[in-house]
Amino acid sequence: MRKLGFGLMRLPLKNPNDQSSIDIEEVKRMVDMYMERGFTYFDTAYPYHGGKSEIAFREAVAKRYPRERFTVTDKMPCWDVSKEDDLERIFNEQLEKCGVDYFDYYWLHALNHEYVKTMDRVDGWGFIARKKAEGKIRHIGFSFHDDSKLLEQLLKEHPEVEYVQLQINYLDWDSPTVESETCYNLCTKYGKPVIVMEPVKGGSLAKVPTGVEELFKGYNPDASPASWAIRYVASLPNVLTVLSGMSTMEQVEDNTGFMQDFNPLDREEQMCVEQAAQIIKRSIAIPCTACHYCTDGCPMEICIPEYFNIYNTLYQFGRKEQWNNTSVYYGVLNKTHGKASDCIECGQCEEHCPQHIQIIDSLKLVAKTFE
C-alpha cells in the first residue's frame, strides 16, 4: 500500500457554510485521479461532514469500483455510545452507509480518558475483536487524542490492536500537549504501525508564512508547502500511511504527484523543515486544525473553526492588510451561525477538541477583535 491515504473529512462543498453539502460529482473526479495513480486507501468516519462522509464514500467509491480495488477505514464514534447495543447498531449502519460488507481497518475513534472509560464499560474492545473474528473487520486499532501516559496504558492493556492512528506533523512533533514524538516512539516500542492524521495540520501547513515559503522555494522551487509536510511524516519508518484531507482536484494532483514515487526527506531537507516549524510557531495564534469535532452539539451553533481561521489570518498576515476581508467574512458567517460572543461556556467543545485548545477563551478573543 502506498503511503498516501484519502481522508474524507474536508471534501468539496456546494455550500461552504454547510458541511453536509458535499459536491459528490467533484468528489468522484478526485477519487478517479487518486485511483488512477495507484492509490487505494480511503478514511471516513461517522461524524464527518454532518454524517454524510460515509455516504459520499459509497457513491464515489464503493458503487463505482470493485471491492478488491480499494481499502476503507471507518471508526466507532465512542461519544455516541451509551450502552452495548449501540455498538452493533452503529456498526451495521456504517456498513450500510459505506456500501460494503466489511471494513479493511476499523478502530475506536478519538480515544481519550473519557472515551476509554466508555469503551471499557460497554466492552468496545471485545466488540471490534469479535467483528474481526466474524470477518467484518480485517484489522483493528484505535485513533488517539490524549497524553502519552494513557497511550502506553492502552498499548499494554490491549496487545490485540494492530495499529494506532496519531496526529503527527512537523509543527506538533515536539508539542507538549499533542506529544507527537513521544506517542510515535511509544507505538514503535510496542510494535504498532502508525497511521498519521493531520500531517498538514488542517491546511495550516499548506498556507505557510512568507518566510517559510521562501525557505522552501529556495531549496526546491517546484515543491508545494503541503509536500514538505506530508513527506516529513511519511519519512518516519514506522508510518504505515499518511492521511490527507484533500478538498480540491489540485490537492489530489499535487499530493499523488510527489507520493507516487515517494522519496524520504534527506538530512538537509529535515533541517529545512525544522527551521520552518520555528517560523510558523511564531505566527499561529490559535492552533486549530478545523476538524469540526467541537461544533457537533454546540447549542449556539457557533462555527468555531471558521472564526479561528479568520482570526489566525488576521494575526498571521497583519491587521492592516487583512482587516477588511476578515471582518466582512466574520459578518457573513454571523448570518447563519452564532457569533463568538454567543458562547454560553458549556464546555462541550473543549471536551471534544483533539488539540486541547482553550476554546472558550479563544472565542472571547475573537469576539473582542471582530465585534
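The values are calculated or read from the model by the stated rules, or taken from the named source; none is laboratory data. Because the structure is predicted, anything quoted here is derived from the model rather than measured. We place every Cβ from the backbone using ideal geometry, glycine too, and count neighbours over all the protein chains shown. Protein only, heavy atoms only, side chains kept; ligands, DNA and RNA dropped before computing areas. Shrake-Rupley method; radii C 1.70, N 1.55, O 1.52, S 1.80 Å.
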Restricting attention to region 19-53, the residues that are open to solvent by 10 Å² or more (accessible area, probe 1.4 Å), out of contact with any Pro (no Cβ under 7 Å at 6 or more places or on another chain), in contact (Cβ under 8 Å) with a residue 12 or more places away in the chain and assigned to a loop (DSSP other than H, G, I, E, B) number exactly 6
Being of a type in the set (Ser, Thr, Tyr) and within 19 Å of the chain's Cα centre (by Cα), is that true of even one residue in region 118-141?
-> no
For region 256-371, list the helices (runs of 4 or more DSSP H) that sit wholly inside it and hold at least 2 residues that are more than 30 Å from PHE42 (Cβ to Cβ); which are they?
-> 267-281, 304-317, 319-334, 359-370
Scan GLU114, GLU88, GLU96, GLU84 and give me the residue that is farther than 24 Å from VAL242 by Cβ and modelled with pLDDT under 95.
-> GLU114
Within region 92-113, which residues are surrounded by fewer than 20 Cβ atoms within 10 Å (Cβ to Cβ) and touching a strand residue (DSSP E or B) at 6+ places or on another chain (Cβ under 7 Å)?
-> TYR102, ASP104
With a cut-off of at least 2 residues that are in contact with a Pro (Cβ under 7 Å, 6 or more places away or on another chain) and open to solvent by less than 50 Å² (accessible area, probe 1.4 Å), name the strands (runs of 3 or more DSSP E) lying wholly within region 137-205.
-> 163-167
Of all residues in region 114-136, count the ones that are of a type in the set (Gly, Ala, Ser), in contact (Cβ under 8 Å) with a residue 12 or more places away in the chain and open to solvent by 10 Å² or more (accessible area, probe 1.4 Å).
-> 2
Would you say LYS97 is over 23 Å from the mean Cα position of the chain (by Cα) and over 21 Å from CYS353 (Cα atoms)?
-> no
Quick check, is PHE6 of a type outside the set (Val, Ile, Thr) and farther than 20 Å from THR289 by Cα?
-> no
Matching residues in region 207-223 - criterion: being part of a loop (DSSP other than H, G, I, E, B) and surrounded by fewer than 21 Cβ atoms within 10 Å (Cβ to Cβ) | LYS207, PRO209, ASN220, PRO221, ASP222, ALA223
Which of the following residues is open to solvent by less than 50 Å² (accessible area, probe 1.4 Å) and part of a helix (DSSP H, G or I): VAL233, VAL242?
-> VAL233
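The rows are residues; the columns are (1) β-branched (Val, Ile, Thr); (2) within 16 Å of VAL252 (Cβ to Cβ).
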site	(1), (2)
PHE6	no, yes
LYS14	no, no
ASP18	no, no
VAL31	yes, yes
ARG67	no, no
GLU88	no, no
